[in-house]
Amino acid sequence: MADKKLVMLVDTKRCIACNSCAVACKIENNLPKNIWWNRIMTVGGGNLDSPEGEYPNLKMHNVTVACQHCENPACVKVCPVGATYKDPETGVVRQDYDKCIGCRMCMSACPYTGVRSFNWEEPKYSLAHAVGDADAPEHQKHVVEKCTFCYQRISKGETPACMDLCPARARHWGDLDDPNSDVSRAIAGRSYEHLLDEKGTKPGVYYLV
Amino acid sequence: MTELKSPKPGISRRGFLKATAAVAGASALAGGGASLTALAEEYASGQPDEETIYCGICRGNCSGTCKLNLHVRDNKIVKTSKRSFNSFPDGSVDRICLRGLSHVYNIYGPNRVQYPMKRAEGTERGAGQWERISWEEAIKIITDEWKRIQQEYGEQAIAYTRGSGNLGAISGVASPMYNVFFNKINASMIKIARDQANTRGINRVVGNLGDWVLNDPSDFKNSKTMFVWGANITDAQIHDWHHVADAQDAGTKLVVIDPIMTQLAARADMWVPVKPATDAALALSMMYVMVDEDAVNKPFLRDHTCAPFLVRSDTGKFLRMSDLGVEPEVIEVEIGMVSAASSDNKGAQVGKAKTTKKIIDHPAVLDADGTVKSLVEATDPQLNGAYDFNGVPCSTAYDLLVEDIMQYPPEKAQDICDVPAETIVELAHLALDGPCIHRLGWGSNSYTNGVHAAHANITMAALTGQIGYSGAGTGVGDFKACWGINAVVKGMTAAKYPMISALALPEIMRTDKWKGQDYPIRSLYVYAGNPVSNQVNTNEYINDVIGNMDLYVVADYCFTDTTKYADIILPAAHWFEQQELVPISATQCFLHSEKAIDPLYESKSDFEILKLLAAGMGYPDLIDLTEDDYMSQVVDTPALGALGITYEKVKENEDMYWYPEKPWIPWKNAEFRTDSGRMEFYVENPTVQFDVGQTFDEDREHLPRYFNPTEAYEGSPTWDKYKLILLSERPRFRVHSMWSDNAYLRELDPEPTIKMNPADAEARGIADGDYVEVYNDRGHCVAKAVYNNGIRPGCMVYPKSWQSHQHKAGCWSELLTSEYDPVGVNESYFDNLVEVRVWNEE
């Protein structure tokens, strides 16, 4: 068991799909072109921002989807080289770029399609200079990558970039084992869901409903 | 204030990676990775990789004016992050959004204008052929041509205009510096004509406390029900959404009145899908229920509104004591403070007296004993009643209002608004059960009947008395301009020529006449704006306005639809390449934005550009103080000084709340800024938002009325050809046209789309994802059709302000009418009918 249970809460009553968290992640981690570790999906109609139902009997809400930092991660079990692993101290599912051999077994095993990406080519960037956190790991060709809970930030005692700050105040992050943490307070008295609960991955991202 | 920060206690990016690799490698045997503890230890050992952080203010026209940390490494901004407000230590106003987070691309992307350019010799405007020129050359070309034009056509022939691309006080839209220069050369100021219908409709009833005022957003939670009328807060004012969500958490019921299922509507406790352009009828019908059930707030109507005033049927004016032989009193009153958002010519204040004479001629009312008395003498002014004044029948203003309201029983309004009668009754009951906030958006403001939608809504506040206290208010309020600043900085002179509405410009350019007099204009200088993309009826603008100019000059930091048609483009500096004072803010704070980096390439701040233009026109000493000096002249006034606000302190504190109390609530104690000090829902002397020499039906303007807009309704003159109402949204991915070229945001939102109800699409053989051409008599636009059941059948919605090169053909603003209401004189963005068909061309 990890020393901490770092989890993320997303309040779907508040999330308006503004994409600020996705962009915060993009910049902070200097993500290459077309790589997004955090995406926002509409739960409703087939298109973004489209509700389900017939006008005017409609409903929609949104979920932010990134690595779920599962307690029982499907990816870790299949990695042949131990490049994807669960951090014993924090419970964060990490990806060691230097060990990754690019087999993409983790991508197939992960039930949360799209949270991992593979750099088929040398990563390309929209700008000539590196943006974001000076400590964000450099991106490499032929490597699988994904949300790290901004490990470079949490190791400095900061929050992940997507948490700094959600304009809707829909995101909470912290140690669920600590009863005084922001997440423990936010989840109290609220119902929540996990994505694909039936897969038995025990995700570390809780969607308040 | 700038601070130095070692982002981590000392380690370079490369060093960090090495450390990670080493630790990861070492621990791999144990099946682990670099632990937090191990990393923290590694950090302590490296050399500091210094990052400097500046205080920046994001200042586009979402009006959020968020404070940002500008992180600079190696003289480059590498990211922007949230910075806390000192005026709100609880963090309640801290904010940032996807646009604020992606500035680095706007600054360093390839779309920056890098150096002055002129249209290549022999090429047409819009052809996109440019020659690089020096600043010296550019200024000489512009000022030589301006001198020639003024010689040939008169001084007024030089004009200047802006958009809303910078809410700054020196290089932005609140700056007096443009007026200092352009008044000096007696140029014509062209005023943008937008967001005015709400203002006119509300301020003519309550008076002017600023153009768009409402209770501070932190007060929303004190309302029992919050009504949002046609405001897409979750896209266009993301920074305000959490205040609404907080209110819901506190038990406030959220009612959203909107034809479109927005993200906000999806979160509402009650969504009322209303037919576009019928908000006035809905509000009038809610008032019908209030009157019909005898549930109006009679003491408030009697004491704080014009309800008991007698109105003469012959003139439509109030019966006044002078009519009854009582000599009016003349008193001296102080002139109220102006707001900074006002796009008035700041030179209008030159030499202006501090006081003005006011004639006190009290309205006559019916007292309880049936006699007519002065308002100030009557003990119980009656809301209802008639009076015969020498054969002129007079009624109370309230009776006239009720007569108007009685035309809209819910059973009738349901057909107009497509809202069930029982829903209208429910809405009226909710509105009575206060306190309620009514936040009006820019939806109803975007039709030519928009003044009356706002007028009706503020009149409802007169009937309920829910205004001016915690949890109670009606207004727009996503945008606030400070008060008490000084526009008459050194060098300011009065404007020689009156301001001209942008909506009048095409006609002036076609005829060389303004209000019947010769008035040729031959050059237009555009700053902080992109009128080709953001103003209505683009083909008219390009052909008639730009097409008749001898010289069209555009200063911008990036290429836009407007720079495309320029004869000369001047490279303006980005916001973070200059310091600035921001006096327009939804936070109600004066803000100071630091200069984080030098202007890139050859760009210069607008302030520096003005100095060059002044010198070129023969006034090298006109603007000879520093930016700091001018900013201090703007802020250091006795009124603000009394609140402890000085420029130096704003600079030091970064942000300073400009009201004496927090949260600010307008119209406290029912003190209104009308002639009578009451809510004058009966407008005795209707005036126009902008004088363009127009006439209007004064009788219609006395009271809130419902009538059709110009085009966007079933049965309108173009209905036989076009059957879809074209609405726009201000999407989260841009602020008007700003950020339209931001590569990060384009990955999320790659191309122009048109949101359609599948029923309307299928009826036209349009599949989800097809490229379609939207067209009417004014123009066309091609975009990708996106099925969306949240779009009201009979309407389509386009996310606005893609640049024309991003479309396969046309652009959205081509389709928009330039017809305007003579009273609101406002661009009516939604008052359009169109049709749509599959587009098969490349």
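The values are calculated or read from the model by the stated rules, or taken from the named source; none is laboratory data. Since the structure is predicted, the reported quantities are computational estimates derived from the model, not experimental observations. Every residue, glycine as well, gets a Cβ built from its backbone with ideal geometry; the counts of neighbours run over all protein chains shown. Ligands, DNA and RNA are excluded from the accessible area calculation, which covers all protein heavy atoms including side chains. Shrake-Rupley method; radii C 1.70, N 1.55, O 1.52, S 1.80 Å.
If you wrap the Cα atoms of region A:6-208 in a convex hull and average its projected area over all directions, you get 12.3 nm². Within the protein assembly as shown, the proportion of Cα pairs with more than 38 Å between them is 51 percent.
Would you mind telling me the share, in percent, of accessible area of the protein assembly as shown contributed by carbon and sulfur at probe 1.4 angstrom? Walk me through the numbers before you get to the answer.
Numbers: 17960 of 36710 Å².
The computed percentage sits at 49.
Loop-located GluC sites (Glu not before Pro) in region B:75-151 (DSSP state other than H, G, I, E, B) with a sparse environment of at most 10 neighbouring Cβ atoms within 10 Å: B:Glu121, B:Glu124. Accessible surface calculations at 1.4 Å, restricted to protein heavy atoms, place the protein assembly as shown at 35 Å² per residue. Averaging Cα coordinates gives a centre for region B:654-670 and one for region B:457-517; these two points are 21 Å apart. Applying the Karplus relation 6.51 cos²θ - 1.76 cosθ + 1.60 with θ = phi - 60° to region B:532-537 yields 3J(HN,Hα) values of 4, 8, 10, 8, 6, 6 Hz, where x marks Gly and Pro. Report, in whole Å, the centroid distance computed from the Cα atoms of region B:369-420 and region B:578-594. Taking the Cα centre of each part, region B:369-420 and region B:578-594 sit 46 Å apart.
Share of antiparallel DSSP beta bridges in chain B, in percent to the nearest 5? The antiparallel fraction comes to roughly 60 percent. Residues with amide H under 5 Å of A:Val92's amide H, sequence separation 5 or more or different chain, H placed in the peptide plane at 1.01 Å from N; which? For A:Val92, whose amide H was placed from the backbone, the distant partners under 5 Å are A:Asp87.
Highest average first, the peptides B:704-711, B:104-111, B:389-396 ordered by how many other beta carbon atoms sit within 10 Å of their residues are B:704-711, B:104-111, B:389-396.
Taking amide H as placed 1.01 Å from N in the peptide plane, the amide H of A:Val205 sits under 5 Å from that of A:Met8, each at least 5 places away or on another chain.
Once amide H atoms are placed 1.01 Å from N in the peptide plane, what residues at a sequence separation of 5 or more from B:Lys253, or on another chain, have their amide H within under 5 Å of its amide H? Sorted by chain and number, the residues that satisfy this are B:Thr225, B:Met226. Looking at region B:208-239, which residues lose a minimum of 20 Å² of accessible area between their chain alone and all protein chains in place, measuring with a 1.4 Å probe and not counting ligands or nucleic acids? Residues shielded by partner chains are B:Thr234, B:Ile238.
In region A:30-75, which trypsin sites (Lys or Arg not before Pro) are in a loop and have at most 14 other Cβ atoms within 10 Å, using DSSP for the loop call?
Working: sites: A:Lys33, A:Arg39, A:Lys59; in loops: A:Lys33.
Passing sites in region A:30-75 are A:Lys33.
Using the alpha carbons alone, the radius of gyration of chain B stands to its Kirkwood radius in an Rg to Rh ratio of 0.98.
Counting only residues at least eight positions apart within a chain, or on another chain, the lysines with an alpha carbon under 16 Å from that of B:Lys595 are B:Lys67, B:Lys76, B:Lys79, B:Lys604, B:Lys651.
Note on B:Ser804: accessible area is roughly 30 Å² with a 1.4 Å probe, heavy atoms of protein only. The HN-Hα couplings worked out from phi for region B:790-802 by the Karplus form 6.51 cos²θ - 1.76 cosθ + 1.60 (θ = phi - 60°) are x, 8, 4, x, x, 10, 10, 10, 10, x, 7, 6, 5 Hz, whole numbers, x standing for Gly and Pro.
Report the accessible surface area buried between chains A and B, summing both sides, using a 1.4 Å probe on protein heavy atoms only, in Å² rounded to the nearest 100. When A and B are taken together, about 5600 Å² of accessible area is lost.
The string of couplings for region A:29-38 from the Karplus curve (6.51, -1.76, 1.60, θ = phi - 60°) is 9, 6, 5, x, 3, 6, 9, 9, 8, 9 Hz, one whole number per residue in order, with x for Gly and Pro.
In region B:455-490, whose amide N lies under 18 Å from the spot 7 Å out along Cα-to-Cβ of B:Asp624? List them in ranges. Only B:489-490 pass the distance filter. Which parts of region B:776-790 would a label at B:Glu842 reach, counting a residue when its backbone N lies under 19 Å from a point 7 Å out along Cα-to-Cβ? Output list for this probe position: B:782-784. Note on chain B: helix-only mean residue ellipticity at 222 nm, from DSSP H runs of 4+ residues weighted -39500 (n - 2.57) and normalised by residue number, equals -7000 deg cm²/dmol. Centre-to-centre, using Cα atoms only, region A:86-164 and region A:1-68 are separated by 18 Å. In angstrom, the C-alpha Rg and Dmax of region B:779-834 are 13.0, 37.
Can you give the helix-only mean residue ellipticity at 222 nm for chain A, where every DSSP H stretch with n ≥ 4 adds -39500 (n - 2.57) and the sum goes over all residues, rounded to the nearest 500 deg cm²/dmol?
Numbers: 5 runs with 29 residues, N = 209.
Counting only the DSSP helices, I get -3000 deg cm²/dmol.
Modelled label positions at B:Glu403 and B:Ala386, each set 7 Å beyond Cα in the direction of Cβ, lie 0.9 nm from each other. Under the rule a/c < 1.5 gives rounded, and otherwise a/b versus b/c splits prolate from oblate, where does region B:156-276 land using the Cα gyration tensor? It comes out prolate by the Cα gyration axes.
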